[in-house]
Each structure stands twice: as C-alpha cells, then as structure tokens.
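Heads up, the thing below is written out as structure tokens.
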Amino acid sequence: MEILMLCLRRLSLGWLLKFLCFVFVLIFSGFLAADEDSLLVSQFEERIAELERLATRAPEKVATGIAEISPVVERVSPELQYQFALLKAQSLTLSGQANEAIALLQQKLQLDNDISLLKYHTQALVLLANIYTFNNRFLDALQVLHQLLPALSKVENTRVEVLGYRQAIELFGLMKMYDEALKYAHILYAKLENVQSPRLRCFASSIYAESMDNVYRKNQAEWPSLFKLYTDALYECQQADETMMMSVALRGQAALLIEQNELIVARVKLERALALSLEVSYEYDVASALILLAQVDMQEQQLIRGKARLLKALTMANELKDKELLAKIYLPLSVLSEKLAETTEALNYRKLYQENYFAVLGETQSLIIAFETSKLDFLEKERQLSFLNRERDLYLANKQIAERERTNMLLFVTLLVGGVFFLVILAAVSVKQKRTYKRLAQTDALTGIYNRGAGQNIGENSFVQVCARQADFSVIAFDLDLFKSINDNFGHATGDWALKKVVKVIKSIVRDGDIFARMGGEEFVILLPFTAENKAIEMAEKCRVALGSIDTHHSGHDFTLSASFGVTQNTGSDLSLDPMLQRADNAVYSGKAQGGNKVVVADKSMSKPFKPRPLSQRAHS
C-alpha cells in the first residue's frame, strides 16, 4: 500500500487525467458501437427493401449497401438472411461474378429446405436459372427449370410467380420454342390484374409483348396489336422506373415502325432506348439499340454512320461473346460494306455471319433436344424396360422401320429446309428491290430530298393528323432568283451544283419532322407540321439569310444565290394542302415582283388561283 501511494505521488496530475479520459473514451465508444449495431439490425429489413428496388437501376450502389449491412446479417431472421443472399447473388451477377453467385445460391438451396422458406427457395431457383441462361449454361438452366415449374404452383406468391414464369418464357424464347414460351406468357398475363407492384407489372407486360411479337411478327395484320402491347409495357415500366425494360419496349416499338418505314419516329424511340441502356451500362441492350439504329441509317442511306454504329456494337458483342448478337451484326455489316464498295470486308463479314449463325443454329437444336430428352426422361426409361422384354425378331423389325422412317424424315427435312432457305432468299431479294424502288420513286435524283409526288403525299398525311388535333400547319415555298441566268452564263453543271448546295444548306436548318421537297426546277417547299406562322416566318428568314451567305467560288464561278420565300398557315377552310401551296406560291411571285430575295406572308387575296406568267418572264425572275 505504501509503495502504491508513493507511485501515485510521483505521477503528475496531467498524466492521471489523460489516463482517465482514455478509459472513458473506450467505454463510450463501446456503447456507441453497440447502439449502432442494434440500429443496423432494426433497419435491416427496410434497407433490404430499398436495395431490391435499386437492383437493376443502380448496381454499384446496391453493392455498397450490401457491404454496409453484411456485419449484422447473422443476427437477423432466416427469412431476411435468405433475402440478403438473393440480393447479394443478384449483385454478384451484375458485377460479372457469376460463379460466386451460383455457389451462394446452391448453398442456400441445399441447406435451407424449411417449408416456411418456400417463397425464397423458389426465388433462388428463378435467379439460378436466370444466371445459367445468361451465361449460356442452358442444360443447367433446364434442370433448374424442371424444379422451378412445379414449385410455382405451390408458392402462392404473385411476385415469385411472375419472376418464375418470366424466366421460363425467356428460356424457351432462347431455344426458339416461341409457341411454348407464349403458352406460359398467356398464363403470366392472365395474372396481371392481380399484380399490384409496378415493377412486376412492368416485367409481365414486357415479356408478354415480346412473346406475342416472336409468334406474330410475320403477320402484318397483328402489327397494331403488337405495337399497343409494347406501348402498354412501356407505360408500366415508366411507372416502375425500370430503365432496362423501358429500353426493351422502345426497341420493340421501333422495330415495328421500321417494318412500316416510319423511320423518323423509329429513330427517336431508338435514341431514347440507347440513352436508357447507357444509363445502366447494359452492353447487350446498348448493342441491340445500335443495330436497329444502323438499320434506320441504312434505309436513309446514311451508310457510313450506320457502319460506325455496327462496329461499336460489334466491340460490345465480342466482349459478351454472344454468337447470336454477333450474327445480327455481321450480316448488316456485310451489306453495308458491299454498298460502300468494300468488297473484301463485305466477304469477310459474310463468312463471320455464317459461322456465328450456324453455331447459334446448332446450339438451339441441341437445347431443344436436351429439353425434349429431359421432359420425356421418365417415359423413355419405361419404354426401354418394356422394349427389353420383347422378342428379338420384333426388336429387329421395329429397328428397321425406325431406320427407314429416320431416313425418310431426314430427306423430308433436307428438302423442307432447302425450300424454306430458297424462299427466304427470294423474299429478302424481293423486299430489298421493293424498298429500292420505293426510295427511288420518292427521292429527287439530283438533290436527294423528296420529289414533288412524295413530298405532297407525305405532307397530306401529316396535314390530316395535324387537323385532327386542331393544331397549326405552315408552308414555306421558295424559288431561286434569276436561276436561269446561272445556267445560261455558267452552264447546267454549275446550276446543278447550286441546287445541291441550296438543299444542303436548307437541310441543316429544317427540323426533324419537317418535310422538305423539290417541286420542280428551282422551286422548293418546306412543310411544317405543328408550327405556327410566326415560327415559319422565322425559319424562312433564316433560310433566306443562309442562302445569301453561300460561298459560290467552290463551283468555279462567282455569283450570288438568293430566293423569294412565301409563307402561309392553315385556316379553317383548308381541307388539303393545295390551297396552302397555292397561297405560298402566289406569295413567292409577289416577292419576285418586289425584286426578289424577300420573305412574303400570304394574305387572303392570294387564295385565288395564280395565273402563270409566260415561261420567259418566270425564267428571268
């Protein structure tokens, strides 16, 4: 005791205070850690639900959240532990760690067989089948599917049923067994009215639209119904804020619009789908959107831009090692390269397309055989047992019959495939020629814009839509001033250069959705749906100034380009474009009478038919 007192006397008061503070901090931090831990446990369920909502929209945020709650996972209920395992497996899959996700799910399926966990057990089967499918392990996916389908009838949980049937539908779709997929899609869609979750309604609507599309795409009479299904799916996915599925619905709409040659609307939808896919960095969806955009570019003769998109998609497909996606890219690349006179590249791309196409075809056939084998395994075993009891003579006779039937069937299938292949080639050539003829019939050969017939036809259709919505429709007509003098003084080649240069400049000003057409000679028209007269006047003035700024010395001659513009807007008495074109044309000649290089707004007096001037006067105006 005396020694202890002596030591205390020798210790300074400052050191004693430091020691007491240190002990206090240790005790207080322990209490804080315990309180924080208890708080994490109490908020675990809420945090899991939040992360599940972000699973496909913000994968990185989900991975961070999983790491934060991992320390307390052993202290929560078995149900929450299973939910955590499912969420972690999904996060591992999205981050490219498929093998780790599979191991985690298999461990849960083997250890947790409690009937109270049936819902989560079924969810694990769904996720496991999904991972196997995504990683092209189709035989494993089929084995899981045979466990999953019976479990779906017992689980009595709408969410799990939706996800389970969705997985079955996607797997049958990959095997090109579209009728089988549609059977389960009908079952799933019938449950839609009982589904309250926006996310699940999104999944159900999207998968049903895709299944119907796979079966009925070739039937043009079904296109409006298919487009409506994709529209409904897009609405449901917008409500759920499911970015990936919104992209799928937009691509489905765009593909149908491309079939109907509605390229402008299709491009808008595809650009939106591409932006959505880039948000979640899902390369397969990005590549799919780029393929469809390239298809639009090809039909609009934007060959270089289309090829650039396909090469970008090719990089992603090579990283994914998806043969079906590669086949979808190599075929249009071959066509584009051929059009660009890149013969060697075209031939190489065609060979790569054939390699990947037949590889996919072989894999699909193997999947179908595996499915049928798995499906009929029990019956096959019974048949083999019965077969062993038959007499040898009957066995040999049946074997010979089976061989003959197999030979006949092989011959029939060979002829059928050959015939179908020939018809497909014939149809493809026919469609290509039809599209080429249609494009040539609609396009002005010199300038590349719509000719008079196509411009008026498309414009009339647009005018009807605008009138149905009681909206504004404006027309800008313009005629190059003193154009005949350019031809006379510098030659028709210079005149052609001037026309093409004018079109190039004006095209940079007109908007998407506007209709730009050459009406003949040096006369042009711009049709502006959903545009008021004041906006049309602004555009006309902008075009007038742009034409006056054209540098003509590149043509080999120095001259000035100008034009007289006439602007008008629809009135209640306009039942077609003709009165508007008449007023705009009269306004053009009113501008020419005032010296040209003017924008004139048509008034009511210009509604009367214009009496054409002699050609000699018009040529010099």
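The values are calculated or read from the model by the stated rules, or taken from the named source; none is laboratory data. Only a predicted model underlies this, so the values are computations on that prediction, with no experimental measurement involved. Ideal geometry is used to build each Cβ from the backbone, glycine not excepted, and the neighbour counts take in all protein chains shown. For the accessible areas, the whole protein counts, side chains as well, though only heavy atoms, and no ligand, DNA or RNA atoms are used. Shrake-Rupley method; radii C 1.70, N 1.55, O 1.52, S 1.80 Å.
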Would you mind checking the radius of gyration and Dmax of the stretch 112-153 based on alpha-carbon positions, in Å? 10.5, 32
Simple spin-label estimate for residue 193/residue 154, 7 Å along Cα→Cβ, in nm, reads 3.0
Cα shape, the stretch 101-223, gyration tensor, a/c 1.5 rule: oblate
Within the P(r) computed for the stretch 455-525, what percentage of the Cα pairs occupies the region above 18 Å? 47
At 4 °C and 1.567 mPa s, the Stokes-Einstein diffusion coefficient in µm²/s for the stretch 541-581, with hydrodynamic radius from the Kirkwood sum on alpha carbon pairs, is 100
Arrange the peptides 141-154, 473-486, 421-434, 170-183 so that the one whose residues have, on average, the most other Cβ atoms within 10 Å appears first. 473-486, 170-183, 141-154, 421-434
Between residue 401 and residue 54, what is the label-to-label distance in nm when each label sits 7 Å out along the Cα-to-Cβ direction? 6.6
Semi-axes of the stretch 437-584 from the Cα gyration tensor (sqrt of 5 times each eigenvalue, largest first, whole Å) come to 28, 17, 12
Once you charge only the Cβ atoms, +1 for Lys and Arg and -1 for Asp and Glu, what is the size of the charge dipole of the stretch 292-334 about its Cα centre, to the nearest 20 debye? 80
Surface share of carbon and sulfur [accessible, 1.4 angstrom probe, percent] for the stretch 427-496: 52
Reachable lysines from residue 108, criterion Cα separation under 28 angstrom, eight or more residues apart if same chain: 61, 88, 119, 154, 375
Of all accessible heavy-atom area on the stretch 224-265, the percent that carbon and sulfur account for (1.4 Å): 53
Going Cα to Cα from residue 321, which aspartates and glutamates come in below 16 Å? Please leave out same-chain ones fewer than 8 positions away. 283, 285, 355, 363
With a 1.4 Å probe and every protein chain left in place, work out the accessible area per residue of the stretch 256-302 in Å², rounded to a whole number. 42
Would you mind classifying the stretch 285-346 by shape? Square roots of the alpha carbon gyration tensor eigenvalues, ordered a ≥ b ≥ c; an a/c under 1.5 is rounded, otherwise it is prolate if a/b is larger than b/c and oblate if not. oblate
Can you tell me how the stretch 391-495 classifies by the Cα gyration tensor, rounded, prolate or oblate, using a/c under 1.5 as the rounded cut? oblate
Treat each spin label as a single point 7 Å out from the Cα along the C-beta direction, and report the residue 551 to residue 262 distance in nm. 4.3
Cross-link candidates for residue 598: which lysines have Cα within less than 28 Å, leaving aside residues fewer than 8 places away along the same chain? 484, 500, 501, 504, 507, 535, 542, 608, 611
Sort 540-553, 123-136 by packing, meaning the average of other beta carbons within 10 Å per residue, with the highest value first. 123-136, 540-553
From the Cα trace of the stretch 43-100, what convex hull volume per residue do you get, rounded to a whole Å³? 73
When you count, for each residue, the other Cβ atoms within 10 Å and take the mean per peptide, how do 46-55, 75-84 rank with the highest first? 75-84, 46-55
Between the stretch 324-339 and the stretch 524-588, how many Å separate their Cα centres? 41
